[in-house]
1. Would you be able to say whether some residue in region 80-103 is of a type outside the set (A, V, I, L, M) and closer than 30 Å to Arg333 by Cα?
2. Check Val156, Val116, Val138, Val121 and return the single one that is in a strand (DSSP E or B) and under 19 Å from the mean Cα position of the chain (by Cα).
3. Take the residues in region 114-153 that are more than 21 Å from Ala277 (Cβ to Cβ) and among the β-branched types (Val, Ile, Thr); name whichever of them is modelled with the lowest pLDDT.
4. Of all residues in region 68-81 being touching a helix residue (DSSP H, G or I) at 6+ places or on another chain (Cβ under 9 Å) and open to solvent by 50 Å² or more (accessible area, probe 1.4 Å), which is farthest from Glu117 (Cα to Cα)?
5. Can Arg165 be described as open to solvent by 20 Å² or more (accessible area, probe 1.4 Å), out of contact with any Asp or Glu (no Cβ under 7 Å at 6 or more places or on another chain), closer than 24 Å to Arg291 by Cα and not in a strand (DSSP E or B)?
6. I want to confirm something. Restricting to region 21-60 and keeping residues that are in contact with a helix residue (DSSP H, G or I) (Cβ under 7 Å, 6 or more places away or on another chain) and basic (Lys, Arg), which single residue is modelled with the lowest pLDDT?
7. Kindly check whether there is at least one residue in region 261-277 that is of a type in the set (Lys, Arg), under 24 Å from the mean Cα position of the chain (by Cα) and either over 30 Å from His178 (Cβ atoms) or part of a helix (DSSP H, G or I) (or both).
8. In this structure, is Val272 surrounded by 15 or more Cβ atoms within 10 Å (Cβ to Cβ), under 25 Å from Leu91 (Cβ atoms) and of a type in the set (A, V, I, L, M, F, W, C)?
Amino acid sequence: MSARHEIFDPLLSEPLARRMIELCERFGRYGMYGREPIGEGLGKGLAQRHDAAANFVRTGGRFGRREAPQILAARTNYFRETYAYGDEVQLPGIETFRDFEGFTEAARKIYDARVVEPSIVYANILVPGQELAVHTDVPEFRGLNRTRDPEWLLVVMHHSGLFERWRMRIATGVAYFHECQGGEFAFYPEGAQGPPRTLPVKRDTAVLLDTDTVFHGVDRVLPSEPMPPFRPGMELVFGDGEGWRVVGRDRETVARYRWGELRFSISWKAYVHADEAEQRAVREHRDDLSRAAVLERLIEDLRGRGRLEGPLPDETALALLLIDEYVHFPPPRPREDSGPA
């Protein structure tokens with residue numbers, strides 16, 4: 001069955017689309033999304049999204065390109081900042097987008113639910129040569145979320161299918177307010193083994209879907225060569241009459257870009273509840289999971305599948321086994337086999 005999704009074309013209006021660009025410029029400073037590896041405990045030494053990163057390096061991305069790991073890492077270390085989180089607004093004026101009723105109604109329709117709580121608004125900016133590896137987003141469960149638990153573990157939980165009763169359903173809208181070369185949004189509504197569908201970066205348009213379940217990614221922003229020597233900790237900044245600049249920790253300019261060279265999107269996320277009773281159960285933390293109970297269930301399932309015998313491996317080896325067993329990515333495809341636009 002094809003995953004339900006909604007496409008908006010147009011999304012808002014021309015004046016509001018211009019307003020989103022102005023807000024992006026006003027925010028002015030965007031940090032790199034890459035984070036340090038897990039320092040200790042379960043999955044020690046792995047990246048938070050080891051699942052997606054390892055698949056990207058192993059396969060070369062959606063089109064199977066072969067490049068050195070350090071180049072691939074630079075291509076996926078894009079720029080992100082949060083505009084609103086819950087009731088906290090970091091960018092005044094973004095409320096119009098956060099409270100857009102069209103997204104709320106689409107989320108109700110897709111999930112056949114009554115209650116939708118807009119929660120997060122954030123921006124992603126990719127420069128020429130960058131792309132977003134095919135992945136599913138980090139889900140949440142009653143009692144477990146990314147603020148306390150490894151992101152790869154949450155992804156494993158969802159893909160295992162063992163914890164659906166506790167999953168927090170989240171709707172995601174991805175919106176565009178200018179255009180660029182390349183950078184198409186690719187998603188797999190028929191599942192990982194089905195054909196992808198691609199959507200161009202078109203001004204004042206959006207797509208809304210369950211990105212925790214549907215594999216998706218961003219094709220490479222053009223032109224793709226050469227990539228500047230990006231390093232963790234750099235920022236993309238706007239202003240000073242110079243357009244956009246990537247700057248290092250010591251404020252030196254590493255690269256300069258014009259608006260038309262960048263891929264800018266704003267994402268909207270909302271919690272979706274079947275009804276008010278379910279919403280209350282979540283808020284009151286009834287029937288929450290614990291990490292210990294989750295690991296016990298996953299290990300039991302691994303043993304039942306014949307994938308684990310004898311004593312448990314160390315925490316890093318166990319993490320790698322869980323990812324390998326449960327998270328199965330779409331295979332790379334030739335560029336011409338990219339589905340309808």
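The values are calculated or read from the model by the stated rules, or taken from the named source; none is laboratory data. Here the structure is a predicted model, which is why all the values come from computation and not from measurement. Using ideal geometry, Cβ is built from the backbone for each residue, glycine included, and neighbour counts are taken over all protein chains shown. Each accessible area value is taken on the protein alone, full model and side chains, heavy atoms only, with ligands, DNA and RNA left out. Shrake-Rupley method; radii C 1.70, N 1.55, O 1.52, S 1.80 Å.
1. Yes, that holds for at least one residue.
2. On the way: Val156 fails: in a strand (DSSP E or B); Val116 fails: under 19 Å from the mean Cα position of the chain (by Cα); Val138 fails: in a strand (DSSP E or B).
Answer to the check: Val121.
3. Of region 114-153, the ones more than 21 Å from Ala277 (Cβ to Cβ) are 120-139, 144-153.
Applying the additional criterion that residues be among the β-branched types (Val, Ile, Thr) yields 120-121, 125, 127, 134, 136, 138, 147.
On the way: Ile120: 97, Val121: 98, Ile125: 98, Val127: 96, Val134: 96, Thr136: 98, Val138: 97, Thr147: 90.
Here the residue is Thr147.
4. By that ranking, first place goes to Pro69.
5. Numbers: open to solvent by 20 Å² or more (accessible area, probe 1.4 Å): yes; out of contact with any Asp or Glu (no Cβ under 7 Å at 6 or more places or on another chain): yes; closer than 24 Å to Arg291 by Cα: yes; not in a strand (DSSP E or B): yes.
Judged against the criteria, Arg165 is a match.
6. Quick first cut of region 21-60, residues in contact with a helix residue (DSSP H, G or I) (Cβ under 7 Å, 6 or more places away or on another chain) only: 41-51, 56-57.
In the following step, the residues that additionally are basic (Lys, Arg) were identified as 44, 49.
On the way: Lys44: 90, Arg49: 93.
Filtering first and then ranking leaves Lys44.
7. Let us first name the residues in region 261-277 that are of a type in the set (Lys, Arg), namely 263, 269.
Among the residues that remain, those that are also under 24 Å from the mean Cα position of the chain (by Cα) are: 263, 269.
Among the residues that remain, those that are also either over 30 Å from His178 (Cβ atoms) or part of a helix (DSSP H, G or I) (or both) are: none.
Looking through region 261-277, none of the residues is of a type in the set (Lys, Arg), under 24 Å from the mean Cα position of the chain (by Cα) and either over 30 Å from His178 (Cβ atoms) or part of a helix (DSSP H, G or I) (or both).
8. On the way: surrounded by 15 or more Cβ atoms within 10 Å (Cβ to Cβ): yes; under 25 Å from Leu91 (Cβ atoms): yes; of a type in the set (A, V, I, L, M, F, W, C): yes.
Judged against the criteria, Val272 is a match.
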